[in-house]
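Notes for the one structure printed next.
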Amino acid sequence: MITRLIIRRLFFLVLVLFGLSLITFTLSHLVPADPARMIAGPRASKSAVEKIREDYGLNDPLPVQYVNYVKGAVTLDFGRSFSSRRPVSEDLGRYLPATIELGLYAFLIATVVGVPLGVASAVKRDSWIDHFSRFISISGLALPVFWLALMAQFFFFGKLGWLPDGQRLPNSVDPPRSITHLYTVDSLLTGNWETLRYSMEHLLLPVLVLAYGSLAVVTRMVRGGMIEVLNQDYIRTARAKGLASNEVVRKHAMKNALLPAVTSLGLQVGLLFSGAFLVEIVFSWPGVGRYAVDAIQAVDYNATMATTLVIAAIFVLVNMFVDILYLFLDPRIAL
Amino acid sequence: MNADRIDPATMATATGTASPLLDEARQRPESQLRKNLKRFLVGNRLNLLGVVIVALFLFLAAFGELLAPHDPYTADITNSKLLGPSLTHPLGTDELGRDLLSRIMTGTRISVQVALIVLGFAVTFGTVVGLIAGYFGGWVDEVLMRLTDMFLAFPALILAVAIAASLGRNLRNTMIALATVFWPWYARLVRAQVLSIKEREYVQAAHSIGMPQSRVMLRHILPNAASVIIIQITLDVGYAILATSSLSFIGLGAQPPSPEWGTMMSTARNYFRDAWWYMAFPGIALTLTVLAFNLIGDGLQDALDPRSGRR
């Protein structure tokens with residue numbers, strides 16, 4: 001059953017990626033801009049532009065170009081970035097770990113804070129903690145993440161000078177020896193305490209800003225789920241037979257209420273990646289979000305298309321993983 | 001950004017409770033509507049706050065440019081570059097000496113236009129797709145819904161970025177991109193509604209008297225799905241405005257000298273050490289607007305959804 005689910009999901013993944021590549025490829029080639037001219041620069045000679053056009057395969061008919069593009073993409077070869085002149089896959093390999101490090105910590109904070117907060121606010125309706133959690137969930141959905149980032153940067157770096165304004169490490173500090181490419185983990189593994197401290201300092205603001213929106217979603221879902229479960233008959237039965245309130249919440253309610261929250265896991269990955277696009281620019285964080293934005297501004301099609309494709313692939317894969325996880329957690333589901 | 005969507009299945013049951021016979025009677029929906037509206041406005045002060053802010057927002061969209069104390073586009077670098085808030089410039093000025101209050105007031109209209117156009121296209125297209133898929137079922141449904149799923153499989157903002165970037169950077173293309181990411185939600189929502197409505201007796205009755213299919217869809221099915229669509233639109237206005245500003249902030253969307261809020265903040269970034277007001281106020285305007293629409297959306301959902309246990 002699980003293999004069937006995986007196969008179906010993988011098939012869907014291929015379809016989705018194929019669709020996205022077709023959409024972005026078609027759209028980007030409808031635009032009258034000339035990529036060869038852009039690579040060559042405004043003062044290049046006509047023959048130089050012509051040579052680039054030949055080198056990058058821009059003279060081929062569009063369907064041929066598309067087939068070549070898909071052929072390459074299957075082997076993770078997305079062509080060369082027009083602006084960095086490196087293969088796009090190499091660029092992505094360089095920038096993806098930074099985004100993952102950012103997203104991972106934001107996800108952890110959102111979950112570790114959001115779940116207990118949601119549960120507590122459902123159990124103690126209308127208490128101060130409930131008001132607090134609803135404030136978070138309402139404001140978290142309305143606050144523009146890039147604005148929150150700018151304001152945090154303004155106060156904690158500009159006014160107070162407590163935290164750095166961006167980057168993963170100060171310019172004077174070398175990154176730790178690469179094992180996982182996550183600076184905090186690598187510096188921990190190599191026992192490099194100073195680098196660990198620096199990298200954590202640099203992570204703090206971007207992570208907190210990024211986590212805020214996810215925290216809102218998690219808190220809201222957990223609170224809603226708990227309230228619904230707490231209103232059900234079996235909870236009343238459990239209470240009626242004299243179980244301690246604490247035990248009812250922990251053993252009976254939470255198990256069922258948290259199940260739907262697992263689904264939010266997949267959604268969060270989308271939310272975190274979208275947020276990363278905005279947070280990374282503000283904090284000069286060298287991740288894929290900033291890479292993609294730079295690529296957009298330089299009209300660098302190969303890099304833009306590859307980044308969106310890769311992020312979409314990660315998103316679909318994570319959701320597939322969530323579906324499978326769900327299957328193990330909830331025996332009622334038959335597919 | 002779409003993480004907080006309502007589950008269509010929940011919504012389907014929400015409106016599927018009334019008896020079809022009662023639905024036909026003209027009186028009942030009206031009084032029910034009034035009761036719901038009262039519950040919405042009186043029951044929760046936050047809803048009222050939302051309504052007040054949205055009213056102000058719409059007022060500014062209509063008259064903001066006329067009422068603005070200064071011309072939002074006239075630069076005066078020599079005399080009024082990056083001035084802090086004062087009596088002449090209550091929210092300060094920007095790097096070209098333009099009055100921020102006037103620019104924020106003028107920018108309101110752009111946000112309203114964007115929300116109207118994006119949701120206008122998304123709702124129309126999504127509703128048509130959902131209506132056809134749900135009504136005809138079978139392979140038509142299968143094809144349309146798999147297509148919809150494909151669009152829903154991406155993080156919305158990133159799909160919008162991809163489309164807007166491919167089309168070229170301007171506000172029109174960003175609106176096309178956003179409409180492209182919003183319509184599938186409506187298709188799914190409307191389809192779920194249609195599936196439950198088309199089984200009702202009055203629809204069967206309409207069929208049996210030989211009413212043309214298009215008329216059944218438009219006169220009997222669509223009106224009964226309306227309340228759910230309207231709630232979703234209210235929830236989405238905030239998202240649409242926020243997404244536009246986010247895209248403008250990363251350089252897609254509106255371009256300077258447009259007083260679009262995200263575009264303003266994108267420029268303000270360069271001056272954040274010297275001029276906190278420059279980035280603070282457009283952000284506050286944006287936050288309040290999105291917050292207000294979210295409050296109304298949540299409130300409407302509570303008031304119109306009899307199942308909802310929330311106050």
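The values are calculated or read from the model by the stated rules, or taken from the named source; none is laboratory data. Quick caveat, the model's predicted, so the values are computed rather than measured. Please note: Cβ atoms are built from the backbone with ideal geometry, for glycine as well, and neighbour counts cover all protein chains shown. Heads up: the accessible areas ignore ligands, DNA and RNA and are worked out on the full protein's heavy atoms, side chains in. Shrake-Rupley method; radii C 1.70, N 1.55, O 1.52, S 1.80 Å.
When we screen B:V129, B:V114 for residues that are crowded, with 16+ Cβ neighbours inside 10 Å, away from chain A (no Cβ under 14 Å) and either farther than 26 Å from B:A292 by Cα or out of contact with any helix residue (DSSP H, G or I) (no Cβ under 8 Å at 6 or more places or on another chain) (or both), the only hit is B:V129. Region A:165-240 holds helices (runs of 4 or more DSSP H) entirely within its bounds, and those carrying 3 or more residues that are in contact with a Gly (Cβ under 7 Å, 6 or more places away or on another chain) and under 19 Å from A:Y105 (Cβ atoms) map to A:193-230. Restricting attention to region B:77-86, does a residue exist that is assigned to a loop (DSSP other than H, G, I, E, B) and among the aliphatic types (A, V, I, L, M)? So far as region B:77-86 goes, yes, one or more of its residues are assigned to a loop (DSSP other than H, G, I, E, B) and among the aliphatic types (A, V, I, L, M). For region A:276-289, indicate whether the set of residues that are without any contact (Cβ under 8 Å) to a residue 60 or more places away in the chain, at the interface with another protein chain (Cβ under 9 Å from one of its Cβ atoms) and closer than 30 Å to A:D165 by Cβ is non-empty. Yes - at least one qualifying residue is present in region A:276-289.
Here B:A226, B:A240, B:A303, B:A280 are screened, and the one residue that is within 10 Å of chain A (Cβ to nearest Cβ) and in a helix (DSSP H, G or I) is B:A280. Residue count for region A:248-301 under the criterion of being at pLDDT below 75, within 14 Å of the chain's Cα centre (by Cα) and among the polar types (S, T, N, Q): the result is 1. Taking region A:1-102 and the helices (runs of 4 or more DSSP H) fully enclosed by it, the elements with 1 or more residues that are open to solvent by less than 70 Å² (accessible area, probe 1.4 Å), small (G, A, S) and over 13 Å from A:N302 (Cβ atoms) are at A:2-30, A:35-40, A:46-55.
Residues in region A:227-251 that are touching a residue at least 12 places away in the same chain (Cβ under 8 Å) and either under 30 Å from A:A312 (Cα atoms) or within 14 Å of chain B (Cβ to nearest Cβ) (or both): A:I227, A:E228, A:V229, A:L230, A:I235.
Can you spot a residue in region A:162-180 that is touching a residue at least 60 places away in the same chain (Cβ under 8 Å) and more than 19 Å from the chain's Cα centre (by Cα)? Scanning region A:162-180 turns up at least one residue that is touching a residue at least 60 places away in the same chain (Cβ under 8 Å) and more than 19 Å from the chain's Cα centre (by Cα).
Residue count for region A:294-328 satisfying the condition of being aromatic (F, W, Y) and at the interface with chain B (Cβ under 9 Å from one of its Cβ atoms): 2. Inside region B:45-84, can you point out the residues that are out of contact with any Gly (no Cβ under 6 Å at 6 or more places or on another chain), under 20 Å from B:M264 (Cα atoms) and of a type outside the set (A, V, I, L, M, F, W, C)? Hits for region B:45-84 are B:G64, B:E65, B:P69, B:H70, B:D71, B:P72, B:Y73, B:T74. When region B:55-84 is filtered for residues that are open to solvent by 60 Å² or more (accessible area, probe 1.4 Å), in contact (Cβ under 8 Å) with a residue 40 or more places away in the chain and more than 10 Å from B:D99 (Cα to Cα), the ones remaining, listed by number, are B:L58, B:E65.
State whether the residues of region B:92-103 include one that is part of a helix (DSSP H, G or I) and either open to solvent by 10 Å² or more (accessible area, probe 1.4 Å) or under 30 Å from B:V181 (Cα atoms) (or both). For region B:92-103, residues part of a helix (DSSP H, G or I) and either open to solvent by 10 Å² or more (accessible area, probe 1.4 Å) or under 30 Å from B:V181 (Cα atoms) (or both): present. Scanning region B:137-161 for residues that are more than 12 Å from every other protein chain (Cβ to nearest Cβ) and modelled with pLDDT under 90, we see that the one that is surrounded by the fewest Cβ atoms within 10 Å (Cβ to Cβ) is B:G138.
Evaluation of B:A164 against the conditions (1) within 18 Å of A:S28 (Cα to Cα); (2) surrounded by fewer than 22 Cβ atoms within 10 Å (Cβ to Cβ); (3) within 11 Å of chain A (Cβ to nearest Cβ) shows that the sole unmet condition is (2). Looking at region A:32-45, can you tell me whether even one residue there is in contact (Cβ under 8 Å) with a residue 40 or more places away in the chain and more than 14 Å from every other protein chain (Cβ to nearest Cβ)? The answer is yes; a qualifying residue exists. Here's a check for you: in region A:118-135, which residue that is away from chain B (no Cβ under 13 Å) and touching a residue at least 40 places away in the same chain (Cβ under 8 Å) is most open to solvent (accessible area, probe 1.4 Å)? Going through the qualifying residues, I end up with A:V123.
Residues to consider are B:I221, B:I229, B:I233; find the one that is open to solvent by 40 Å² or more (accessible area, probe 1.4 Å) and farther than 30 Å from A:E280 by Cβ.
B:I233
Name the one entry in A:R290, A:R239 that is buried (at least 22 other Cβ atoms within 10 Å of the Cβ) and among the basic types (K, R). Being buried (at least 22 other Cβ atoms within 10 Å of the Cβ) and among the basic types (K, R) holds for just one of A:R290, A:R239, which is A:R290.
Scanning region A:152-187 for residues that are open to solvent by 30 Å² or more (accessible area, probe 1.4 Å) and either of a type in the set (D, E, K, R) or within 14 Å of chain B (Cβ to nearest Cβ) (or both) yields a total of 10. If only residues of region B:239-265 that are surrounded by fewer than 24 Cβ atoms within 10 Å (Cβ to Cβ) and in contact (Cβ under 8 Å) with a residue 12 or more places away in the chain are counted, the one that is nearest to B:L82 (Cα to Cα) is B:P257. All of A:S28, A:S89, A:S83 fail the test of being within 14 Å of chain B (Cβ to nearest Cβ) and either over 29 Å from the mean Cα position of the chain (by Cα) or closer than 30 Å to A:T184 by Cβ (or both), apart from A:S83. Within region A:252-271, residues that are more than 10 Å from chain B (Cβ to nearest Cβ) reach partners that are crowded, with 23+ Cβ neighbours inside 10 Å with beta carbons closer than 6 Å, at six or more positions or on different chains, in the pairs A:A257/A:M226; A:A261/A:M221; A:A261/A:V222.
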